[in-house]
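Here, each number is a calculation from the coordinates, and none is a lab measurement. Given the structure is predicted, the values throughout are model-derived calculations rather than measurements. Here Cβ is always computed from backbone atoms with ideal geometry, including for glycine, and neighbour counts include all displayed protein chains.
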Amino acid sequence: MLHGLAGQALAFVAALALAPLLSGWVAQCRAWLQNRTAPPLWQPWLVLHKRLLRETVVAENASPLFRSVPALVFACMAIVCTIIPTLSTDLPLAVVADAVVLVGLLALARVLLSLAAMDVGTAFGTLGARRDMMVGFLAEPVLLMVLFTAALGARSTSLASIVDVLAHRELAIMPSLAFAGVAFTMVSLAENGRIPVDNPTTHLELTMIHEALTLEYSGQHLALIEWAATLKLFAYSCIGIALFCPWGLAADDTPLALLLAVPALVAKLAIGGMLLAIAETVSAKMRIFRVPEYLGIAFVLAVIGMLIHILLGA
Amino acid sequence: MNATASTALFLLACVLLAPLIAAVILGFIGDRPGARLFNVAASTVTAGAALLLAAHIIKHGPVLALSEAFHLDALSALVLAITTFVTLTTSLHSVDYMHTECARGRFSRAQQRIYHAMFQFIAFALGLALSANNMGILWVAMEGATLATVLIVSLDRSRPALQAAWKFFVLCGVGILQALFGTVLLYMAAERVIGADEGALLWTHLAAIRTRLDPQIITLAFALLFVGYGTKMGLVPFHGWLPDAHAEGPTPVTAVLSGLLLGVALHAILRCKILADGALQTPVAGQLMIGFGLLSVLLAALLLARQQDLRKLLAWSSVEHMGILAIAFGLGGAAATLAGLMHLLGHALVKSGLYFSAAQAVQWSGTGQISGIRGLLGARPTLAWSLLLGTIAILGLPPFSLFPSEFMTISILLQRMPWAAAALLVALVIAFASITLQVRNMTLGEAQVEAAASPGPGHHRVGPLKRIDAIVGAAPALVHLAIALLLGLALPAWAENWLRQAVAVVAG
Amino acid sequence: MNALALQFIDLLAAVSLLLAFALLIQRRFSAMIDFYATQSLVLVITTSLAGWMTGQRHLYLSAALTFVLKVVLIPVLMHTLLRRLHLDSTVDTVVKLPTTLLMGLLLVIFAFGVARPIAQLSTALASGTLGIALAGVLIGFLMMITRSRAIPQVLAFLAMENGVFLAATGVTHGMPMVVELGIAVDVLIGILILGVFLSHLHSAAPSPGATAREGDGA
């Protein structure tokens, strides 16, 4: 139990520390692929540091909701990161929160952000909130379907036991997971505001989705929200790794095993980030009204994955 | 190999090879003046051989030739005989038709070559579909016949013709793929019983083990095969291609389509139904056929009155009759099957005869529109009479052979499913009224001034020659009607024996 | 090892279904042709794998035939046709894309439901392929309905045919060789006729298939 708690703490710390680095790594890879001079890996940390030191300016008509949302969103994302089996599957906290709670927490964070964006009453905030809710309401069922497909095999919705089963079965090809994997990749891109759905580096307000939500934030608030965004990307990457590439997790709770699991995780994240950068470089951003089609495809793939699981039993 | 077997083999070779060789030769010389007569000659050889083969089968029983690749019993011999016979008369009609059309310059030389080659190729494909023992080969032959028909329907390259051909290609292609899936499933079911070898798709083997085939697989297989070959047969709701293809293709081919392709598709469905009945031990297959048959008759009856094109009118009448056939065979049992076979024969004869007449009426008036054909009786009495008599026959009036067959079907349906019989009767009455009205308008009334004033190039002869010409042109249709009349008045003993043998194949 | 190969066949079947969906929603003609070629390639691999597992020589022949015909010849022909006729515009779908997707999903559910009891009876290789193949055929059918232009309709036809062949490979050990040869010849001739057709239709007016459905209710 004590080891479990230690492992949990280590995972939590690793998440907070690695999340900005993952975003930095993706930005770096993108820069390399586009023949630009890459920013340093720790650039997001530098930005966070800068934001945390700056004064926080808040609109005059902002309600307390506006002030509390950054912390709440950050808390949601932090909890999400702790209930995903990143280093080991023995997570004391994961007992109370299964896959459905995970999706719920992500939804909660989204609703809070949208409310805050509309709170001040600017046009872009409301526009962004509307777009973000549209993406969210289409993306959540996909994520649920993907998680359910994996849960069908483990006969449990607990993430820890799903990953446990997936990591310890004998080598077998599972077509259902192939479908789920494609669907999950598509939905991750949409949820994290990446190309082809959104462009994280855009400065063009009209095309913004996620950035439009945070236009009114500054200083420490903005730092927390950006940190939360990197945590979200980290969480999605870890879900992907846990479901589709669960090898290398700590087999038991000994500190050595946990420490060995960290480099494995870093390596997998590095590969994943590289793939994400490649995917973003080769594709173009789609028009906003194509997004429902895109997510519709993801949904169909996820459902087919589940059906194939039922048909083939694998 | 004994004498009877080698005789059968020789006749079978004639039936299949004569049209195939003719198709190749006509592919090269199809544009020469003699090609039309060569076409007739090839068809004569085929028809003669087929009739002799049929006689042989009635006398000596089913033929199984060339290491079981070919199989003909009384049922397929019946369909084969009528198919080749109608092909022969169609080729006779085609002489006159092509003469007129070519004189008008409608077809280029290349198109004439395609026309004649494909005409014979369809005859070959239909013969193969009827005589193949392998269900896969049956599929290939049906698809071959479809492709050849597509080429002929689109022959004059006009936009409506291309569209009709495209529709035919796409719809029948989709349908026939369902049939292929059904064939695969059939193979799967057979494989479970007799193992994976070439014999697992041979109909004779399948029929032998039909009670041991897995019911679940066969249900799905029959459903797919029924949809597939039902599309070819023109059953509602898979009928979309039929009216257009019939209206746009050269009429002799339309006659072949209507009389024969539909019949051959029905033959394929019957083969599958025999297997399904054996495997399922329930009348599901028959009920499926009755359901779709009824639907076809009803829709056709409702749409007949709205048709403005003569050949579309006849095409919808084909849909109606295919529906009646599906009902008759769906009912099962010896009496209903006999009625179905009689109806198949009668419809093939009368409908192709009607198409011959329609072709001449269209050539005479220069339009396919019913409203454009007026006063036929005054201008072309022989043609008008053959059209009128054909209509009487197709409506199922006595004394033609469609009357007893329809009557038997309805009375059996009345015993088994009174409500369905009521629906069928209502539909038949509506169809009757629509067709009568349309044909009355064409034949009676004032002759058209324009049509008479500008006759086609085929009508320059005068005096007694003109009359002989008219009679010769109407001869194929009249011959068909005469046979239908004879069959309707009294069945000769040998024909009755033949029909009984065919009924035994279907109804067991 | 054998179990893994079986699972691999299942995976290939699933990929073929995925490609069927890709064909269903793809808007550009040339990309559709490439998807079709890929789907055929998947079929080739499946057939060869089945041949290797069962030791049936004729499956290799069938795979080779599929490769030559459907991976090389037909796609090349269709690409040529596209270039010659300058047809590569966006497809005018009759039904909205999300609706199409949803209908496709329902068809997959239907196909799986129908095939499940039968799949359990199969003594042959991969039992799951029947449902997937049936779904592929139905999706091709749907594509036939939702697309109004000629090229997508033909590709739908060909995709359906691929589905049937997948069933033939996965559920039985392939059809007898005579039948496969006959089918291949038919398909080839069909495609050739189509080429002639398209040329004529196209020279007659700019949008070939758009009117091919008119008069459906007649």
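Some points to look at:
- When you count the other C-beta atoms within 10 angstrom of each residue and take the mean per peptide, B:353-363, B:471-481, A:159-169 line up highest first as B:353-363, B:471-481, A:159-169.
- Taking Cβ atoms as reference points and 13 Å as the exclusive limit, the residues near residue A:229 contribute a net charge of -1, counting Lys and Arg as +1 and Asp and Glu as -1.
- Charge tally around residue B:140: other residues with Cβ under 14 Å, Lys/Arg +1 each, Asp/Glu -1 each, net -3.
- Shielding by partners for peptide A:287-300, expressed as the average number of C-beta atoms from other protein chains within 10 Å of each residue's C-beta, is 3.
- Net charge dipole, region C:2-209: roughly 300 debye, given to the nearest 20, about the Cα centre with Cβ charges of +1 for Lys and Arg and -1 for Asp and Glu.
- By the helix-only formula, in which each DSSP H run with n ≥ 4 contributes -39500 (n - 2.57) and the sum is divided by residues, the protein assembly as shown has a 222 nm mean residue ellipticity of -26000 deg cm²/dmol.
- Chain B, relative contact order in percent, only Cα pairs under 8 angstrom and at least six apart counted: 15
- Ranked by the mean number of other Cβ atoms within 10 Å per residue, highest first, peptides B:248-254, B:424-430 order as B:248-254, B:424-430.
- Remark: relative contact order (region A:2-312) = 31 percent; criterion is Cα-Cα distance under 8 angstrom and separation of 6 or more residues.
- If you run the Gaussian network model on chain A, springs between alpha carbon atoms under 10 Å, then out of A:261, A:190, A:150 the most flexible one is A:261.
- Region A:265-314: trypsin sites (Lys or Arg not before Pro) in DSSP loop, at most 10 other beta carbons within 10 Å: A:287
- Take the Cα of residue B:471, step 7 Å toward its Cβ, do the same at residue B:436, and the gap between the two points is 3.2 nm.
- For the peptide B:170-183, the mean number of other protein chain Cβ atoms found within 10 angstrom of a residue's Cβ is 6.
- Karplus 3J(HN,Hα) series, Hz, for region A:52-61 with 6.51 cos²θ - 1.76 cosθ + 1.60 (x for Gly, Pro): 5, 7, 6, 6, 9, 9, 10, 4, 5, 8
- Rounded if a/c under 1.5, otherwise prolate or oblate - the protein assembly as shown, Cα gyration tensor axes: prolate
- Cα-based shape type of region A:2-312, given that a ≥ b ≥ c are square roots of the gyration tensor eigenvalues and the cut on a/c is 1.5: prolate
- Protection proxy ranking of B:25-33, B:133-141, B:385-393, by the mean of other Cβ atoms within 10 Å over each peptide's residues and highest first, is B:133-141, B:385-393, B:25-33.
- Spin-label model, residue B:504 to residue C:178: label points 7 Å out along the Cα-to-beta-carbon direction sit 2.7 nm apart.
- Sparse packing (at most 14 other Cβ atoms within 10 Å of the Cβ) combined with a DSSP loop state is found for the following trypsin sites (Lys or Arg not before Pro) in region C:1-108: C:27, C:96.
- Computed from label points 7 Å out along Cα-Cβ, the spacing between residue B:212 and residue A:130 is 7.0 nm.
- Mean partner shielding of peptide B:137-148, defined as the number of other chain Cβ atoms within 10 Å of each residue Cβ, is 4.
- Loop-located chymotrypsin sites (Phe, Trp or Tyr not before Pro) in region B:280-331, at most 15 other Cβ atoms within 10 Å (DSSP): none
- Given 16 as the ceiling on other Cβ atoms within 10 Å, longest exposed-site-free region of chain A for GluC sites (Glu not before Pro) in DSSP loops: A:171-314
- Here the extension length gained between residue B:371 and residue B:494 equals 39.8 nm, from 0.36 nm per residue of separation less the Cα-Cα distance.
- Gain on full stretching of the segment that runs from residue A:270 to residue A:288 - 0.36 nm per residue minus C-alpha separation: 3.5 nm
- Judged by the ratio a/c of the largest to the smallest principal axis of the C-alpha gyration tensor, region C:2-209 counts as oblate, that ratio being 1.5 or greater while a/b is no larger than b/c.
- Between residue B:70 and B:65, B:133, the built amide H atoms are under 5 Å apart, and every one of these is 5 or more places off in sequence or on another chain.
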